[in-house]
Each structure stands twice: as structure tokens, then as C-alpha cells.
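For reference, the structure is listed below as C-alpha cells.
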Amino acid sequence: MALSPEQRAARLALAREVAREAGALALGYFERLATLAVEFKQGGQDVVSIADREVEVLIRARIAAAFPDDGVLGEEDGLAEGSSGVLWVVDPIDGTSPFLNGLSHWCVSIAVAVDGEAEIGVIYAPVSNEFFSAAKDMGAFLNDAPIEVAPSRSIEDGLLGFGSNHRIPPADVGRFVTALLDAGGMFYRNGSGALMLAYVACGRLVGYYEQHINSWDCLAGLCLIREAGGWHNDFLAGEGMLRGNRIAGGAPQMKAGLIALLERVGASTETIA
Ligand code: IPD
Ligand code: CA
């Protein structure tokens, strides 16, 4: 199925409205951080709090009220299948670790996927009040001004957003970072994959790479990058939507440099080249 322009516009309007409301709710929790109990999901770095859970509850309620037949996949409550063929992919707070450590780099990320493609992507960073949004064939925007990926930076002279987590072997992280530095490049990590992808879309970062990321962390960012003139790998290949995948994307001219880096560390370039 494909969304008509009217159906897409209606969902974009809701995504924008809900991201603002969710961001305001999350910001309220952030401002009283000391009162929040931190829970550990798996290891010592994978954290969550009532803020993540309550913000997702809010987003799900708004979607269900407006589009009851749409499905929702969220970081905290998993998959609720719908019957319309439209799937909302939601991260209530991406950058939970920075959030719970009192750092400003976190955001609400909302994507709408149809037929294996992210057609809508909205990312709101309440502390900086930066609002990113994009929709298929409609371009990408930061606070209503059009944005584009870095026009000329390469792996060597731009900053590469880099995601690292405890789901992948530390040695792989080391190998990739070593190769990047050897090539004259530099990595940037702020603890929110979604926000770093938005930074790629507006040209602050030349690209993004992470060996494994979940769909709720990145689908909105992928839509933003594509609509801002960039490229990304086939993230949803295989079971990417439910189990996550490797992610790579950025400005067109950095793709060859990234592929060369991956070949150097012996990583597969499948879904990228
Ligand atoms: C994480 C962040 C991080 C990325 C991880 C994600 P969370 O999400 O996006 O930057 O490297 O892969 O799991 O835990 O902050 O929602
Ligand atoms: Ca996340």
C-alpha cells in the first residue's frame, strides 16, 4: 500500500504535534531529575526511568485516538500490530543515558513506516528547542527552515557520528575507530543515535555509523537524511524493523570513504555498497 499525500500529511501533522507534547512532558521530568529512580534494563549502561515509560504511553494514546488502525512499535512497550499497513516507530527518549546523567543530548523520535520505508521522520530535542521534521518527497526541515546534508565534507575532513553500545564486541568498536583515525577522520558521539542522525541531515556531521542500532533509534533520522539529499543503507533488510541492524548513512560524497574504512576493518559492505 502507499499513503496518499493527504494521508501522509495528516500523519505528519500528528507526529509533529505529538513530538512537541511528548518533548514537553520529558522536559518536565528532566527538570526534576534527582527524583527519578533509574532502572537497569540489562547491563550497567542500559538504563530507563519512568520518564521513558510515561512519554511512550502518551505518544501511544495520541496515535491510537487519531489512527486506531495503525500499528505502533516503541522502545519501551514493543509492537502493537495494526490493520492499516502503517507502522509508527517511536522512541520516547533517545539518549536515555545522557538524559539520566543530566546532559542535554536527548530527543523524542517518531517515524511512520509504510511498506518498509520510513515516510515520515520527526525528531525533537527539547533542551536546545530544535525540531527536525521530514516527509517523503517533501524535504527536511529544522525549525521550519529547509536543511541539507554536508555539501562537500568527506570522511577525512568532517565529523562522523559514531554509535557504540554494549550489544557489540568492544574490539569491533576499537578496530573501527582506529581505522577512522588512521584515515585522518574523527568520530563524534553524544549518546543519542537519533539526534546524531538529525545532525547528519542538517550538515553538522558528515555521516553516521553504528554496528547495531534498533529501528526506533534511527528510522526518523533515516527519513530526515534521505529527504535532506543524503543516502543510507538498507537498514530494514532482513529483520531490521524488529531486531535492529547495522546503520550507515550520510552525505553522498562520503559513501566511498566509509566503504573503504569498512573494507579495511574486514566488515561486510553488504546493504551499504
Ligand atoms: C541508544 C542511543 C545510542 C545508540 C544505541 C541506542 P537509548 O538508545 O541511541 O546513541 O548508540 O544503539 O540503543 O538507550 O538512548 O534509547
Ligand atoms: Ca533509543
- Item | Filter result (closer than 26 Å to Asn101 by Cα and either at pLDDT below 95 or within 13 Å of ligand 1 (Cβ to nearest atom) (or both)) within region 175-195 | Phe187, Tyr188, Arg189, Asn190, Gly191, Ser192, Gly193, Ala194, Leu195
- Residue check, Ala66 away from ligand 1 (no atom under 16 Å from the Cβ) and assigned by TED's automatic domain parsing to the domain that holds Phe141: yes
- Message: For the condition modelled with pLDDT of 90 or more, among the aliphatic types (A, V, I, L, M) and surrounded by fewer than 14 Cβ atoms within 10 Å (Cβ to Cβ), what is the one hit in Leu79, Leu25?
- Response: Leu79
- Query: Can you find a residue in region 206-219 that is touching a helix residue (DSSP H, G or I) at 6+ places or on another chain (Cβ under 9 Å), away from ligand 2 (no atom under 16 Å from the Cβ) and within 18 Å of Asp94 (Cα to Cα)?
  - Reply: yes
- Message: Given (1) under 17 Å from Ala118 (Cα atoms); (2) touching a Lys or Arg at 6+ places or on another chain (Cβ under 9 Å); (3) open to solvent by 40 Å² or more (accessible area, probe 1.4 Å), identify the lone condition not met by Ala66.
- Response: (1)
- Query: Got at least one residue in region 149-165 being among the aromatic types (Phe, Trp, Tyr) and surrounded by fewer than 20 Cβ atoms within 10 Å (Cβ to Cβ)?
  - Reply: no
- Item | Output for region 71-102, where each listed residue is near ligand 1 (Cβ under 8 Å from one of its atoms) and in contact with a strand residue (DSSP E or B) (Cβ under 8 Å, 6 or more places away or on another chain) | Glu75, Asp91, Ile93, Asp94, Gly95, Thr96, Ser97, Phe99
- Item | Of the criteria (1) crowded, with 18+ Cβ neighbours inside 10 Å; (2) out of contact with any Leu (no Cβ under 7 Å at 6 or more places or on another chain); (3) in a loop (DSSP other than H, G, I, E, B), which one Val122 fails | (3)
- Task: Would you mind listing the strands (runs of 3 or more DSSP E) fully within region 173-266 where at least 2 residues are open to solvent by less than 10 Å² (accessible area, probe 1.4 Å), not assigned by TED's automatic domain parsing to the domain that holds Leu12 and not basic (Lys, Arg)?
- Result: 207-213, 245-250
- Query: Given the structure, is Gly71 open to solvent by less than 30 Å² (accessible area, probe 1.4 Å) and over 26 Å from Glu130 (Cα atoms)?
  - Reply: yes
- Of all residues in region 97-135, how many are within 15 Å of ligand 2 (Cβ to nearest atom) and either in contact with an Asp or Glu (Cβ under 6 Å, 6 or more places away or on another chain) or among the aromatic types (Phe, Trp, Tyr) (or both)? 5
- Take region 83-115 and flag every residue that is assigned to a loop (DSSP other than H, G, I, E, B) and either buried (at least 23 other Cβ atoms within 10 Å of the Cβ) or aliphatic (A, V, I, L, M) (or both). Gly95, Leu103, Trp106
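The values are calculated or read from the model by the stated rules, or taken from the named source; none is laboratory data. Given the structure is predicted, the values throughout are model-derived calculations rather than measurements. All Cβ positions, glycine included, derive from the backbone under ideal geometry; neighbour counts span all protein chains shown. Surface accessibility is based on the protein's heavy atoms, side chains included, excluding ligands, DNA and RNA. Shrake-Rupley method; radii C 1.70, N 1.55, O 1.52, S 1.80 Å.
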